[in-house]
Every structure is written in C-alpha cells, then in structure tokens.
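Q: Below you'll find the structure I mean.
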Amino acid sequence: MKRSIQRAAESVTPSPSAAADVEKVYVKIAKRIVPFLALLFLMAWLDRYNLGFAKLQMVKDLGFSEAVYGFGAGIVYLGYMLFEIPSNLLLERIGARKTFARITILWGITSIAMMLVKTATWLYILRFLLGSFEAGLLPGVILYLTYWFPARRRAQMVAGFLTSIPLSAVLGGPISGWIMGSLGGRAGLANWQWLFVLEGIPSIVVGLLALLIVVDKPAAASWLTEGEKRLVLADLEADRRQAGPREHGFGQALRLPRVWLLVAIHFCGVSSNNTIGFWVPTIIQGLGVKSTLTIGMLSTVPYIGALIGMVLVSRHSDRTLERRYHAALPCLACAVGLIGIGWFANSPVLAFTALVFAVAGPLSGNVVWWTMPPMLLAGTAAAGCIALINSIGSLSGWVGASVVGWLEDLTGKTSTGLYGVAGLEVLGAALILLFMPRRSATKAAQSELGDRLR
C-alpha cells in the first residue's frame, strides 16, 4: 500500500478541483496535529521560563546574585547547542512520536528536580540538563511540519505551533503568580519549590500522551483516507519540485555560507525572545507592582499582544508569500520596545507599552523566519541544519541572560543589558533585509539568494 501511495505521489499532479480538495485535507491535518504540537511547546516554555517567577523569592532564599541567576537561566541554551543536532538527526531515523515523547518526559522530570536546588552549582547542572532534554523539540517540529504541509501553508502552521509561547504566559502567568503568592510554607516547601513541582508534572503526562497521539508521516495516519493520503503526497511532491534544487546532505550543507548566515540571523533575531522572558516578572515588579498575583496577571498582556501579532503576521505573509519584511520589521519593533523599557522607566504606562513591543515583536517575526530554512535545505541537511541554526542561535539566550544579570549587578538596572539585546535585534533585521528572499519557495528567489552569497 505504501508503495502504491508513493507511486501516486510521484506521478500525479493535482487538478484544480483536486487542489481545492487537498486544501480541505490540510485543514483536517492541521486540526489533528497542530494543537498537540502547541501543547508540547507550551509545556516546554512554561517549564523553561517559570524560573522568572521563581526568581521573585528563590534568589533571596538561596542568596544568589543577579549574575548567578542570569548565568543559570541562560545555561539551558548550552544544552540546546550540544544536543539539538543529534536529536533532530535521530528524529529522521526513529520518527517524531518517540522523539517528542522522550523529550517531554525527561524535561518534566528535570523541572520537578529544580525544587531540590540549594547551590549555584546545582542550579547550573539542572538548567543545563533541562536544555539538553528539551533540545530538538522546536527544530524537530519545524522539520516535522515539512512532512505534512507545503511551503505555502507553513507560516500559518508554524504560527499555530508557536502560539504556545504566548499561551504559556497567558495561562501560566496567573497560575505561577497564584502558586508564588499562596503555597509558600505548605508541606515544608517554599513557594518556588511548589512552582517547579506543580508545573513539571503535566509535562510528564503530556509526554506519555505523545506516544498515543503523534503520527510520524501522512502515509501512517489512520485518520486519513487512502484518497486523502494520495492527494497530500502528490501535492507535497509537487511542492518539492517547485522549490528547485536544495542541499540534501548535512556535511555538504555545513560548507554553505547561507547556512551560517541563517545561524547569525537567528542568533540576533531570537536574542530578545530568549532573554526577556526570564525578566518579565522582574521588570513589572520594578514598575511598582508588589503582588505576585498581579504580576502574574500583568505578565500575560505582552503575550496576548504577541498572540495577535503572530496570527496576523503569519496570515498576511502566507497570503502575499512575502517573507523578508514580515520577519525583519518585528525585530525592529522589538528593538524599539527594549530601548523604551529603559527610557520610560519613570513612566510605568509607557514602559509597560514598550515591554509589549519587546515581547510581541520577535515572536511575531519568528513564525515567518522559520519558513526560510526549508526553502534552502531538504532531507538530512534540513534535519541537521535546522537544529544547528536553532541550537547556536539560541545561545543568544545564554549570552543575553548572563549579560543582563551581570549588568544589573553593576548598575542596579535591568534596562542596561536590554540595550545590548536591542542592538542584536537591529543587526538581525538588517541581515534579513539584505540577504533573505522576499517570497517563499520560488526558484527566482533562491537563485537571487544564491547569487548574493556566492
């Protein structure tokens, strides 16, 4: 049966009526797989950034400096760098179902273990392990979506997946604030210890569900009819042909300047996204808010803005097939917001508005950014290089968090380090505008990029 489906995919080009039918199938697929993928990343984001709420009491209880906190918060990305490529290459071999389950269960266990932290060394070790275990989820999902959707639909699918980031704050912020404000001292545990326990357990449950819910590829989906499978596989094959020649070997791809350009752009573009989340509660507290529950409620507002931005930007980008400005302009908006947090420090309303831009900008642009690597890479090159791009690029979170913490110790202001992060966002936007193609999956665009990088 699989061979017959494959032959059909290779030989059939969808007619106009079939094209309408296949779009209906993609809607069906999206409803089945994207919400659960978003749930996986929601759990990951919550367990990675709940340290920002734990900081409100944990740093004082354990006697940590801001530099220790910043280094520990960001070292998670060192684990990313070391293990994302092996994880994504393994996904190509064993499939997404086993990979996503393994990732989610292990990081859930590690998140719970954070309750045992007593020294800076153990903070560093457990945060490194958290990153090591979570490594491969985001690039794995980006790769996984290429198995199910053509280029013309990927920005919206990536947006649907990445909506988990603002949703984790919208849902997790009030919950984290309530835990921090209500459960301290229960059963002899501090409030931050309860935070790690109660927010780590759901990840383990969701990881077990991944074994039952995730399907590796369309051909294995029992909830698709044979006719639907043929339509999808034929359309995906046509999409691959339209994309033109791309690198398929990981080793060969590593020698391409375009790959390292993508790494540099991602490093700059996600620097704010990977840094500011650790300081959102602290920034809001610095504006004069004392109640942890109120801090939790207010921390949802920037992420609601990000959720709206992600949906609008991704839809417009897919409709116009323009990628460059849709990825770059949000980075510039983020830089303005980061600078505004410091400039308007004496005006809480304006500073909070700037915080909304700083959070919403990179998340809105990131959903379009992730459509670009698959435009240039395929096969093992896509699996390895998407992981490489994300792992090295995510190190900006470690660098940014460490620098922000260090400068806060020196100056007493969080905003000092945020200015440096704003500079990275501007550089990322400039690289996108100079070197990235405007439109998705066209031979002309890829030829334009290749000419610029040769």
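Q: Taking Leu145 as the residue in question, decide whether it is among the aliphatic types (A, V, I, L, M) and more than 30 Å from Glu322 (Cβ to Cβ).
A: no
Q: Just checking: which of the helices (runs of 4 or more DSSP H) contained wholly in the range 286-363 hold 3 or more residues that are open to solvent by less than 10 Å² (accessible area, probe 1.4 Å) and either farther than 30 Å from Trp192 by Cβ or in contact with a Pro (Cβ under 9 Å, 6 or more places away or on another chain) (or both)?
A: 300-320, 324-343
Q: Still on this structure: Please give the helices (runs of 4 or more DSSP H) falling wholly within the range 64-137 in which 1 or more residues are modelled with pLDDT of 95 or more.
A: 96-113, 120-134
Q: Please determine, by comparing only the residues of the range 422-454 that are hydrophobic (A, V, I, L, M, F, W, C), open to solvent by 10 Å² or more (accessible area, probe 1.4 Å) and modelled with pLDDT of 70 or more, which one is nearest to Arg241 (Cα to Cα).
A: Phe435
Q: Now for a separate question. Determine whether the range 259-277 contains at least one residue that is surrounded by 19 or more Cβ atoms within 10 Å (Cβ to Cβ) and either under 13 Å from Gly173 (Cα atoms) or among the acidic types (Asp, Glu) (or both).
A: Among the residues of the range 259-277, at least one is surrounded by 19 or more Cβ atoms within 10 Å (Cβ to Cβ) and either under 13 Å from Gly173 (Cα atoms) or among the acidic types (Asp, Glu) (or both), which makes the answer yes.
Q: Then there is this: When you go through (1) open to solvent by 10 Å² or more (accessible area, probe 1.4 Å); (2) within 22 Å of Gly74 (Cβ to Cβ) one by one for Phe250, which number turns out not to apply?
A: Checking Phe250 against (1) open to solvent by 10 Å² or more (accessible area, probe 1.4 Å); (2) within 22 Å of Gly74 (Cβ to Cβ), the one that fails is (2).
Q: Is it fair to say Leu407 is out of contact with any Cys (no Cβ under 8 Å at 6 or more places or on another chain) and more than 16 Å from Gly337 (Cβ to Cβ)?
A: Here the answer is yes, as Leu407 does meet what is asked.
Q: Among the numbered criteria (1) in contact with a Phe, Trp or Tyr (Cβ under 8 Å, 6 or more places away or on another chain); (2) modelled with pLDDT under 85; (3) open to solvent by 10 Å² or more (accessible area, probe 1.4 Å), which single criterion is violated by Leu256?
A: Against the list (1) in contact with a Phe, Trp or Tyr (Cβ under 8 Å, 6 or more places away or on another chain); (2) modelled with pLDDT under 85; (3) open to solvent by 10 Å² or more (accessible area, probe 1.4 Å), Leu256 comes up short only on (1).
Q: Any idea which residue in the range 407-416 is most open to solvent (accessible area, probe 1.4 Å), counting only those that are farther than 17 Å from Leu51 by Cβ and assigned to a helix (DSSP H, G or I)?
A: Taking the candidates together, the pick is Leu410.
Q: With (1) closer than 30 Å to Glu23 by Cα; (2) under 18 Å from the mean Cα position of the chain (by Cα) as the list, and Leu51 as the residue in question, which single condition is left unmet?
A: Going through the list (1) closer than 30 Å to Glu23 by Cα; (2) under 18 Å from the mean Cα position of the chain (by Cα), Leu51 breaks only (1).
Q: Answer with yes or no whether Leu145 is within 24 Å of Asp235 (Cβ to Cβ), at pLDDT 90 or above and in contact with a Phe, Trp or Tyr (Cβ under 8 Å, 6 or more places away or on another chain).
A: For Leu145, the condition - within 24 Å of Asp235 (Cβ to Cβ), at pLDDT 90 or above and in contact with a Phe, Trp or Tyr (Cβ under 8 Å, 6 or more places away or on another chain) - is met.
Q: While we're on this one: So which residues in the range 384-406 are surrounded by fewer than 24 Cβ atoms within 10 Å (Cβ to Cβ) and either under 30 Å from Glu92 (Cβ atoms) or under 16 Å from the mean Cα position of the chain (by Cα) (or both)?
A: Of everything in the range 384-406, those that are surrounded by fewer than 24 Cβ atoms within 10 Å (Cβ to Cβ) and either under 30 Å from Glu92 (Cβ atoms) or under 16 Å from the mean Cα position of the chain (by Cα) (or both) turn out to be Ile392, Leu395, Val399.
Q: Taking helices (runs of 4 or more DSSP H) that do not extend beyond the range 164-271, which have at least 3 residues that are hydrophobic (A, V, I, L, M, F, W, C)?
A: Fully inside the range 164-271 and qualifying: 164-182, 191-213, 226-242, 257-269.
Q: Being in contact with a Ser or Thr (Cβ under 7 Å, 6 or more places away or on another chain) and hydrophobic (A, V, I, L, M, F, W, C) narrows it down to one residue among Ala354, Ala335, Ala327, Ala345; which is it?
A: The unique qualifying residue is Ala345.
Q: Follow-up. If we keep just the residues of the range 159-175 that are of a type in the set (A, V, I, L, M, F, W, C) and surrounded by fewer than 24 Cβ atoms within 10 Å (Cβ to Cβ), which is modelled with the highest pLDDT?
A: Out of the qualifying residues, it is Ile175.
Q: Filter the range 209-225 down to the residues that are hydrophobic (A, V, I, L, M, F, W, C) and open to solvent by 30 Å² or more (accessible area, probe 1.4 Å), then identify the one that is farthest from Phe36 (Cα to Cα).
A: For the range 209-225, the residue satisfying everything is Ala219.
Q: What number of residues within the range 193-229 satisfy the criterion of being within 30 Å of Phe53 (Cα to Cα) and either of a type in the set (A, V, I, L, M) or out of contact with any Asp or Glu (no Cβ under 7 Å at 6 or more places or on another chain) (or both)?
A: The qualifying residues number 15.
Q: Suppose the filter is out of contact with any Phe, Trp or Tyr (no Cβ under 8 Å at 6 or more places or on another chain), of a type in the set (Val, Ile, Thr), at pLDDT below 85 and open to solvent by 20 Å² or more (accessible area, probe 1.4 Å); does Val12 pass it?
A: Answer is yes for this residue.
Q: Any idea which of (1) surrounded by fewer than 24 Cβ atoms within 10 Å (Cβ to Cβ); (2) of a type outside the set (A, V, I, L, M); (3) closer than 25 Å to Lys55 by Cα; (4) out of contact with any Gly (no Cβ under 7 Å at 6 or more places or on another chain) is the one Ser132 doesn't satisfy?
A: The number of the failed condition is (4).
Let's see how each residue does on (1) under 20 Å from Tyr303 (Cβ atoms); (2) open to solvent by less than 50 Å² (accessible area, probe 1.4 Å); (3) touching a helix residue (DSSP H, G or I) at 6+ places or on another chain (Cβ under 8 Å):
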site: Gly181; (1), (2), (3): yes, no, yes
site: Ile204; (1), (2), (3): no, yes, yes
site: Gly227; (1), (2), (3): no, yes, no
site: Leu236; (1), (2), (3): no, yes, yes
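The values are calculated or read from the model by the stated rules, or taken from the named source; none is laboratory data. In this text the structure is predicted, and so the values were computed from the model without any measurement. As a convention, Cβ positions derive from the backbone with ideal geometry for all residues, glycine included, and neighbour counts pool all protein chains shown. We work out accessible area using only protein heavy atoms, side chains counted, and drop any ligands, DNA or RNA first. Shrake-Rupley method; radii C 1.70, N 1.55, O 1.52, S 1.80 Å.
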